[in-house]
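Here's the structure, in structure tokens; my notes come after.
The values are calculated or read from the model by the stated rules, or taken from the named source; none is laboratory data. Being a predicted model, the structure only gives us computed values, none of them experimental. Here the Cβ is made from the backbone with ideal geometry for all residues, glycine too, and neighbour counts use every protein chain on show. Each accessible area value is taken on the protein alone, full model and side chains, heavy atoms only, with ligands, DNA and RNA left out. Shrake-Rupley method; radii C 1.70, N 1.55, O 1.52, S 1.80 Å.
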Amino acid sequence: MSYDMHRYLTDPFQEIEELGGGLFKLNIGPQHPISGQGRFIVLTDGEIVYDIEVDIGYSHRGIEKILEYKNYIQAVVPLERMVMLDTSNILMGFVRAVEDLYGIEPPPRAKYIRTIINELNRISSHLYALGLFAESAGWNPAVFIWTTVDREPILDILEMITGARWSHSFFIPGGVRADLPRGVKERILDTMDYLERRLEVYEDAWIYNETFRMRTEGVGILPRDKALEWGAAGPSLRASGVKYDTRLNEPYSAYPELDFRIVTHTAGDSYARGWVRFEEIKVSIDLVRQAIENIPEGPVKKALPPRPVKEETLARAETARGEINFYIYTEGRDKPYRVKISPASFRNFFVIEQMPKIQEIKLADVPPLIYSFDPWFLDADR
Amino acid sequence: MIDPILDFIFTNLDPLIRIIIYPGITFIMLFTIFAVWYQRKFLARLMLRMGPVHAGKFAGWLQLIADSLKLLTKEIIFPEHSYKKLFLISAITLPVIPAAAIALVPFAPGYAIFNVRGYTGILFLAIMSLYPIFIVLMGWASNNKFTLIGAFRTIYLDVAGEIPLFLAALGVFVWAGTYDLQDIVAQQATMWFVIPQFLGFLVFFISYFAMIEKAPLDIPEAETELVFGYRTEYTGALFLDTMLGDYINVLAWGLMMITLYFGGYNGPAIFADPVLNGAFWILFKLIILLAITYTVIISYARLRIDQAIRLGWYYLIPLALLNLIITVILKYVVLEGGV
């Protein structure tokens with residue numbers, strides 16, 4: 001496949017006449033209400049979009065390079081900066097990789113605590129993503145603020161368990177930093193009940209709202225074969241009818257012992273992607289309930305051996321945006337020689353770029369199309 | 001020296017009060033200040049927020065003043081290669097158009113700023129139809145891709161929204177048998193026209209959102225797509241001016257809807273003075289109408305421009321024509337000319 005990486009990037013101030021045919025280049029970002037820390041270069045003639053190019057790298061922090069200078073415990077802190085909304089799921093992949101290198105298994109109680117925190121983080125990330133999705137489809141900030149308000153009790157629980165609302169640095173290779181505090185079980189169960197009530201409100205007011213469906217149904221249809229070919233990740237992949245979820249296909253933590261369903265949709269359009277996220281919140285609520293009810297007693301961390309037993313490893317975990325892969329090569333030291341991260345947003349950005357090639361996309365569809373994939377520039381930039 | 005001026009003031013006291021105080025410039029400005037505050041607080045409550053709280057002792061009512069002072073002290077930036085005269089003139093003219101249209105709306109029996117009789121309904125619509133033209137000029141003069149797309153969308157939306165709105169208003173004119181707004185309001189003393197003209201009212205109400213450019217039909221300024229639509233490039237005092245135009249536009253269309261469908265100044269006599277009574281009822285109805293408007297704004301996602309055009313041409317215009325036919329049959333065949 002011939003793919004010119006920098007079709008329009010060469011001159012950011014390229015003007016209308018150079019493109020010809022009445023087309024012009026619209027820079028959505030990096031200073032735009034929806035762009036985030038990046039730029040979408042949209043080639044349009046007013047309303048019809050002919051091409052989208054994603055310009056990432058505005059927030060590149062060199063996390064992969066930084067990790068080469070940290071030992072495995074220290075690496076937790078910079079790594080969390082990839083996606084602040086979803087820190088524990090990002091970290092899960094790394095922690096799994098390191099545990100594989102050292103050949104240890106965390107205690108069962110730590111696995112359950114990890115699962116609870118992972119799922120709480122997934123709920124909070126999905127709520128935020130859905131709020132942005134609604135706003136990108138032309139809603140007033142109402143829905144976004146509702147979901148932000150409903151994230152608060154989850155962040156409070158996370159603060160109660162870990163001591164921080166975001167970037168808790170709670171997972172370490174070999175377990176978690178601390179045991180669950182007293183009274184957290186009731187708090188979690190109360191919050192899950194509250195969230196379920198709120199999800200019913202969302203269904204009435206928003207998910208099944210006619211105008212919202214008009215704006216997002218049939219927009220950016222990603223067929224199953226293309227989703228597999230282009231490497232869509234996470235809910236975007238499942239919305240195209242592919243039943244793939246790392247939690248199911250390569251179970252880790254407490255997932256093999258818990259009972260949950262994988263949400264899929266066959267339509268593959270923007271609405272389906274949002275709907276899959278919405279249903280995944282329900283699944284996560286169920287998972288948190290099961291995990292907190294069935295949590296075993298015991299220690300929560302295990303000491304690492306002095307040296308890794310393996311030279312290289314590949315580990316994956318399901319983040320809110322899709323599967324994250326960590327490849328770690330070590331020379332037998334307590335520091336990695338090279339860490340390669342393959343985040344989900346990076347792959348989803350590629351899919352976004354390909355979308356105008358298979359169907360007609362209108363300019364007004366670009367924001368809901370982008371946010372239905374829930375891409376995160378910080379995730380893709382690393 | 002002072003005598004001719006005083007002489008002029010005292011001989012023209014009544015029109016001067018109407019132009020300068022009520023329902024003229026002072027009223028429009030004060031209502032705009034109120035509407036901004038009301039919108040902020042109302043939308044904030046629906047969004048589970050507080051809205052402004054700090055400026056002013058009561059519920060942040062001075063927030064708009066603070067914002068205005070901030071905007072007035074800012075530099076006015078003319079974009080590179082913009083059409084500077086047009087950029088300036090179109091923004092300054094924008095609030096004048098709906099304000100001029102408000103001059104025709106009766107606020108009490110025989111009490112309007114420009115107290116003429118005859119074709120005032122048509123004149124109102126004619127003046128208001130100039131408003132989008134200035135939006136297009138603003139978008140064109142800014143020399144920016146976002147403003148240009150916003151301007152084009154305004155044209156599309158106008159074709160889809162203005163025609164059904166005018167046809168719905170025509171239904172009222174036919175039902176009342178007159179174009180005169182004062183006659184139309186006077187005829188509604190017994191029954192509001194929203195009852196016989198309910199279909200027309202629905203069309204008017206939906207088109208109203210296209211005319212005031214608010215969600216779900218805020219397509220020309222579509223924040224998530226076009227930053228701020230046609231007014232992206234405006235800064236400082238000129239931006240304030242465009243926002244003023246926006247709020248006066250809402251006020252003008254709201255007054256028109258109340259005049260055509262909800263009995264204008266009519267209402268039970270609370271105050272002995274008819275002007276005071278009319279003012280009370282007009283404000284009362286406006287506040288309720290604005291609350292409904294803001295609830296709709298918050299409840300729906302923005303339509304795409306092609307969906308808005310389809311809404312206008314497939315549903316609103318046929319409905320408005322149907323309403324017109326029903327009105328004609330009802331008035332001239334069933335009721336034989338009398339109401």
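Start at zero, step by 10 Å, and the Cα-Cα distances of the protein assembly as shown spread as 3, 13, 20, 21, 17, 12, 8, 4, 2, 0, 0 percent across the bins. Over all projection directions, the Cα-based convex hull of the range B:2-130 averages an area of 13.3 nm². This model, with +1 at the C-beta of Lys and Arg and -1 at the C-beta of Asp and Glu, gives the protein assembly as shown a dipole about its Cα centre of some 1260 debye.
A crude spin-label estimate for the pair residue B:336 and residue B:55, with each label 7 Å from Cα along the Cβ direction, gives 6.3 nm.
To the nearest 20 Debye, how big is the dipole of chain A about its Cα centre, given +1 on the beta carbon of each Lys and Arg and -1 on that of each Asp and Glu?
Working: 46 positive and 57 negative charges, 276 e Å.
With Lys and Arg at +1 and Asp and Glu at -1, about 1320 debye.
On the principal axes of its alpha-carbon atoms, the range B:79-334 has extents of 59, 41, 33 Å, going from largest to smallest.
Ligands, DNA and RNA left out, the accessible area of the range A:205-280 computed with a 1.4 Å probe is 50% carbon and sulfur. A Förster radius of 56 Å, combined with the Cβ-Cβ distance separating residue A:23 from residue A:155, puts the computed FRET efficiency at roughly 0.80. Ordering B:24, B:9, B:60 by Cα displacement along the dipole of chain B toward the positive end leaves B:60 in first place; charges were set at the Cβ atoms of Lys, Arg (+1) and Asp, Glu (-1).
Of B:332, B:119, which has the most accessible area and how do the rest follow, probe 1.4 Å?
Listed by decreasing accessible area, they come as B:119, B:332.
This model, with +1 at the C-beta of Lys and Arg and -1 at the C-beta of Asp and Glu, gives the range A:122-230 a dipole about its Cα centre of some 360 debye. Legend: residues A:265, A:126, B:54, sorted from most to least accessible area (1.4 Å probe; ligands, DNA and RNA excluded), read B:54, A:265, A:126.
Extension gain for residue B:48 to residue B:237 (0.36 nm times residue separation, less C-alpha to C-alpha distance): 64.9 nm. Distance from the alpha carbon centroid of the range B:241-262 to that of the range B:1-19 works out to 29 angstrom. Comparing A:54, A:98, A:201 in a Gaussian network model of chain A where C-alpha atoms under 10 Å apart are linked, the largest mean-square fluctuation is found at A:201. With a Cα cut-off of under 22 Å and a minimum spacing of 8 residues unless on different chains, the lysine pairs in the range B:79-334 number 4.
Per DSSP H run of at least 4 residues, take -39500 (n - 2.57); add these up for chain A, divide by its residues and hand me the 222 nm value, nearest 500 deg cm²/dmol.
Numbers: 15 runs with 172 residues, N = 382.
Computed ellipticity for chain A at 222 nm equals -14000 deg cm²/dmol.
Whenever you get a sec, compute what percent of the accessible area on chain B sits on carbon and sulfur atoms (1.4 Å probe). Carbon and sulfur atoms account for 74 percent of the accessible area of chain B. With the simple spin-label model, which puts each label point 7 Å out from Cα in the Cβ direction, the residue B:321 to residue B:269 separation comes to 4.7 nm.
Each listed q (0.25 Å⁻¹) maps to a log10 I(q)/I(0) for the range A:24-118, found by the Debye formula over equal Cα scatterers with no solvent: -1.27. Between residue A:323 and A:234, the built amide H atoms are under 5 Å apart, and every one of these is 5 or more places off in sequence or on another chain. Given a Förster distance of 25 angstrom, what is the FRET efficiency for residue B:85 paired with residue B:25, based on the Cβ-Cβ distance and rounded to 0.05? FRET efficiency, residue B:85 to residue B:25: 0.50.
Inter-label distance, residue B:3 to residue B:328: 6.3 nm, where each label sits 7 Å from its Cα along the C-beta direction. GNM remark for chain B: springs join alpha carbons under 10 Å apart, and the peak mean-square fluctuation among B:210, B:100, B:301 falls on B:301. In the context of the full set of protein chains, residues of the range B:250-313 present 34 Å² of accessible surface per residue (probe radius 1.4 Å, heavy atoms only). Span-like helix criteria (full DSSP H runs; alpha carbon extent of at least 27 Å along the helix axis; mean Kyte-Doolittle hydropathy of at least 1.6) are satisfied in chain B by B:274-299. Cross-link partners of residue A:65 among lysines, defined as those whose alpha carbon lies under 18 angstrom from its own and excluding same-chain residues fewer than eight positions apart: A:335, A:340.
Put simply, chains A and B cover up around 2600 Å² of each other's accessible surface, both sides summed, when a 1.4 Å probe is used.
How many partner chain Cβ atoms sit within 10 Å of a residue's Cβ in peptide A:136-148, on average, as a whole number?
That average works out to 6.
Proximity of backbone amide H atoms, modeled 1.01 Å from N, is registered between residue A:361 and A:49 at under 5 Å, excluding neighbours fewer than 5 places apart on the same chain. Toward the positive end of the charge dipole of the protein assembly as shown, with +1 on the Cβ of Lys and Arg and -1 on the Cβ of Asp and Glu, the farthest Cα among B:71, B:200, B:251 is that of B:71. The P(r) of the range A:63-341 has a tail past 30 Å containing 30 percent of all C-alpha pairs.
Backbone amide hydrogens, once placed in the peptide plane, bring residue A:172 within less than 5 Å of A:177, excluding anything fewer than 5 places away on its chain.
The mean number of partner chain beta-carbon atoms within 10 angstrom of a residue's beta-carbon across peptide A:357-366 is 3.
Since only A:368, A:339, A:326 are under comparison, the one whose Cα sits farthest along the positive direction of the charge dipole of the range A:253-382, derived from C-beta charges on Lys, Arg, Asp and Glu, is A:339.
Taking chain A as a Gaussian network, Cα atoms linked when under 10 Å apart, which of A:347, A:261, A:213 shows the biggest mean-square fluctuation? It is A:261. The figure for residue B:7 is an accessible area of roughly 100 square angstrom, using a 1.4 Å probe on the protein chains alone.
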